[in-house]
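Heads up, the thing below is written out as structure tokens.
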């Protein structure tokens with residue numbers, strides 16, 4: 001295994017190659033350009049070896065012939081130089097700090113943090129390294145975990161601390177740090193037999209209050225909407241290292257299906273590191289459109305955005321199987337959506353006493 | 001029996017007083033609302049003042065004041081520096097309805113626009129019971145007469161309540177003061193302010209000072225010291241004459257023979273043609289014009305249409321002119337800092353034997369609201385038309401143009417366009433055809449609509465060409481930022497990361513640009529416009545071509561550098577030879593006798609090179 005500093009040096013070498021290419025273009029009177037895979041739905045392909053969706057062959061060229069292309073090249077040069085300085089001085093910065101530092105880069109200044117985040121991802125793709133290895137870390141931390149799980153975290157003071165994710169934590173659970181690599185976090189042992197990723201905080205707290213984690217030997221992970229990289233990486237490690245099955249429990253709308261897809265198949269934005277983040281074995285539990293019908297859940301009408309998102313999912317290769325097609329078409333037909341917490345229609349315990357046991361039994365994780 | 005009834009009716013008709021006539025025709029006369037009554041009164045007085053000044057070839061200096069407002073009673077004062085009115089005429093001009101309407105004299109004037117100032121005097125009297133005060137002085141050394149007037153509404157005769165002589169500073173001029181019930185509004189399209197502002201746009205030779213009831217004083221400054229050429233009076237042309245007018249002309253004619261009546265009192269009728277007309281009408285050349293029956297008149301009018309006649313003379317019109325429309329618009333739109341003003345003037349044309357002429361202008365950009373309906377400024381003989389926009393031929397023509405191709409928004413390519421623009425249309429004629437007596441909307445005359453359409457399209461083409469040029473320039477300017485700022489920084493940063501010296505990027509710049517770049521600046525200082533043109537070759541080979549700069553009307557070239565290969569009234573032409581890759585050459589010229597805004601954008605052209613390769617110019621189409 002390589003050390004952090006070795007990985008950082010390797011990343012820097014890859015980045016210097018990019019600068020070298022631009023330099024060579026300029027000194028040979030060629031218009032400098034860089035090529036990166038297009039990061040669109042149309043350009044993701046299934047990777048048989050890893051069982052995840054990754055970028056395909058179609059690439060876009062950023063050429064200095066256009067103003068936006070030249071700006072992108074200049075920003076790339078600035079970011080590379082900035083990372084070089086950080087590696088040399090053994091520092092790191094958040095993506096947000098990167099955005100603010102660009103204030104002093106003249107024409108290379110980013111106009112939104114979205115631009116700088118994207119460029120960091122572009123660099124990951126071009127250099128085949130992780131942004132953590134480029135000394136860049138996300139602003140947001142990972143989400144919360146409660147369950148029969150023992151981990152060992154290396155704290156900022158370098159101490160190794162063993163934490164039991166039920167006994168040693170409060171009601172809000174163990175908070176997943178922004179990096180969950182082995183140097184930072186080791187999974188020691190678990191008595192659980194299942195990982196359940198939950199979309200909303202409200203449902204997570206409901207399951208905790210009802211003692212679902214203890215009663216059913218389940219590790220509950222709160223996704224906090226679209227899950228952070230570290231949350232997805234953490235789920236993947238639980239699945240691979242502890243051989244725990246993963247089920248995903250979300251609202252019943254097109255945006256929630258995308259949350260599931262990013263856990264199971266990889267997100268379109270980060271398809272270059274899907275094999276590192278995605279858990280192909282993860283299964284979708286609900287709320288499914290069929291659930292809305294079967295459980296007679298309270299609903300809202302689909303909005304115009306919902307409908308176009310569903311239609312877009314019909315052409316998304318990640319949802320290209322009969323089950324998803326059937327469910328999405330069913331939902332378009334009924335024109336309704338429903339939330340996890342709509343189950344409270346039948347009382348606060350209904351979700352833990354009836355809905356989840358029924359669904360889990362159906363999926364083969366019976367009690 | 002029947003004749004007795006008719007006599008009775010005639011008696012009754014006589015008894016209708018002018019007051020009743022006024023009451024019944026308020027709308028036609030422009031006094032139907034209390035807001036409009038104020039505007040119409042000011043308008044009648046100012047129109048008279050401008051006409052009077054121009055007739056006396058005096059640069060108009062007009063003062064308008066509105067005071068009061070208590071119980072909706074206002075006092076209007078309008079004062080001019082015109083030639084004044086002789087004392088004997090004052091009561092007739094101001095206190096007698098329909099006096100002196102010269103309806104068979106054909107001349108482009110504002111006066112033909114309204115019922116006349118006496119209607120305002122009558123309205124004043126009817127709503128407040130107060131008399132109108134007129135002061136007039138006809139020249140240095142003459143006394144100023146002050147007359148206090150009422151109208152005898154039964155007889156339609158002026159009644160002079162009081163008269164005296166007063167001292168007046170002005171060399172000459174006329175001042176009218178009248179009180180009336182009204183409503184004063186500001187900041188709306190239908191307001192005295194807007195009327196005066198619009199008047200100032202199309203009368204750039206006039207200075208108008210306006211004092212509002214709250215004391216706010218606005219001076220609409222003069223934009224030129226040149227008076228417009230005097231419109232000439234022409235005789236009516238047979239093609240457009242109406243029976244009533246014809247009969248009246250015949251009655252009042254001093255000619256003793258029909259043939260000489262036709263050949264002397266109509267335009268385009270020679271002795272020969274007159275005889276032909278009379279022959280076709282089945283009358284005799286020696287008939288007495290005064291003795292013609294209504295039936296004879298009809299016959300002659302019919303014969304008029306059957307004889308081929310020359311068009312009437314058209315040099316009788318007095319257009320504002322493109323340059324002055326531009327100046328007027330620029331001056332009054334200054335606060336909006338418009339980006340571009342296009343103007344156009346058509347040659348005179350004729351409908352039904354009546355000469356007319358159309359001029360247009362479009363103001364674009366600046367602080368004009370981008371999402372709203374465009375504003376339309378309509379003018380007839382230099383008088384703003386504020387009401388009945390929807391009925392007017394001008395509005396109709398604008399609606400029928402597809403403005404989308406000229407860079408404005410328009411639903412379905414029909415109707416009034418939206419966008420940051422103001423459209424101005426001026427129709428000048430010896431006899432403007434209005435839809436009704438209120439004279440606020442021009443009638444739908446095919447010939448007039450066609451001229452408006454052609455003129456507006458010409459203006460719109462100028463606007464579109466300006467916009468596309470701007471767009472191209474913005475694009476190229478971005479490239480300029482690219483090569484002058486971004487590319488050097490990329491080179492510097494890349495060199496820093498790899499730890500090598502900064503590479504030269506000259507060749508890459510030429511590859512990226514691959515054009516000849518023309519950058520020009522126009523500046524103005526003390527009557528002189530300086531135009532500087534930089535031409536840089538960003539292609540990888542030397543370029544040779546001819547470069548043209550168009551000159552504006554009225555601009556005099558005072559200096560030019562380097563010496564052009566060709567120069568005349570219309571353009572300067574330089575021969576640019578062997579401009580090397582990366583080389584920049586500068587051309588410049590200065591124009592004298594200009595006002596600010598007269599020339600603010602170069603029109604540049606090239607020949608001998610594919611214009612696609614040159615940014616900032618168009619293809620030279622001239623000889």
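What follows is calculated from the coordinates using simple rules that are stated; it is not laboratory data. The structure displayed is predicted, hence computed values, not measured ones. Neighbour counts are summed over all protein chains in view; Cβ atoms, including those assigned to glycine, are modelled from backbone coordinates with ideal geometry.
Each residue in B:447, B:265 was given a count of other beta-carbon atoms within 10 angstrom of its own, and listing them fewest first yields B:447, B:265. Put in line by how crowded their Cβ is, counting other Cβ atoms within 10 Å and starting with the fewest, B:522, A:145, A:52, B:576 read B:522, B:576, A:52, A:145. As a size descriptor, the averaged projected area of the C-alpha convex hull of the protein assembly as shown was calculated at 62.9 nm². Semi-axes of the equivalent ellipsoid of the range A:194-288 are 21, 16, 10 Å, computed as sqrt(5λ) over the eigenvalues of the C-alpha gyration tensor in descending order. Here the spin labels are modelled as points 7 Å beyond Cα on the Cα-Cβ line, and at residue A:168 and residue B:575 they lie 9.1 nm apart. Distance from the Cα centroid of the range B:444-471 to that of the range A:132-204 is 71 Å (rounded to whole angstrom). Using the Cβ-Cβ distance between residue B:160 and residue B:35 with R0 set to 35 Å, the FRET efficiency works out to roughly 0.65.
Give me the distance between the Cα centres of the range B:191-257 and the range A:53-80, rounded to whole Å. If you average the Cα positions of each part, the centres end up 66 Å apart.
Kirkwood hydrodynamic radius of the range B:397-506, from the reciprocal of the average inverse Cα-Cα distance over all distinct pairs: 18.5 Å. Using the Cβ-Cβ distance between residue B:314 and residue B:59 with R0 set to 35 Å, the FRET efficiency from 1/(1 + (r/R0)^6) comes to roughly 0.85. Relative contact order for chain B: 10 percent, from Cα pairs under 8 Å spaced at least 6 residues apart, divided by residue count. Taking every alpha-carbon pair under 8 Å whose residues sit at least 6 apart, chain A reaches a relative contact order of 14 percent. Label sites at residue A:68 and residue B:89, each approximated as a point 7 angstrom past Cα along Cα to Cβ, lie 7.1 nm apart.
The gain in end-to-end length when the residue A:50 to residue A:269 segment is fully stretched comes to 77.1 nm, 0.36 nm per residue minus the alpha carbon separation. By the Cα gyration tensor, chain B has an equivalent ellipsoid whose semi-axes, rounded to whole angstrom, run 57, 31, 22 from largest to smallest. The value for the range A:40-96 of Rg(Cα) / (2.2 N^0.38 Å) is 1.62.
Size of the range A:136-276: Rg and Dmax of its alpha carbons, in Å, are 14.3, 43. Compared with the direct C-alpha span, the chain from residue B:221 to residue B:471 gains 86.6 nm at full extension, assuming 0.36 nm per residue. For residue B:568 and residue B:275, a Förster radius of 35 Å and the Cβ-Cβ distance give a FRET efficiency of 0.10, rounded to the nearest 0.05. In chain B, the DSSP beta bridges split such that about 85 percent are antiparallel, to the nearest 5. Does a label point 7 Å from the Cα of residue B:404, set along Cα-to-beta-carbon, have any residues of the range B:351-391 with amide nitrogen under 15 Å, and which are they? Within reach of a label on residue B:404: no residues. By the count of neighbouring beta-carbon atoms within 10 Å, fewest first, B:466, B:167, B:237 end up ordered B:167, B:466, B:237. Take every DSSP beta bridge whose two residues both sit in the range A:69-211; close to 85 percent of them are antiparallel.
Roughly what % of DSSP beta bridges within the protein assembly as shown run antiparallel, to the nearest 5? Of all bridge pairs located within the protein assembly as shown, approximately 80 percent are antiparallel. Overall size of the range A:74-228 from C-alpha positions, given as principal axis extents largest first: 58, 32, 25 Å. Using a simple spin-label model with pseudo-atoms 7 Å out from Cα toward Cβ, residue B:530 and residue A:210 lie 8.3 nm apart.
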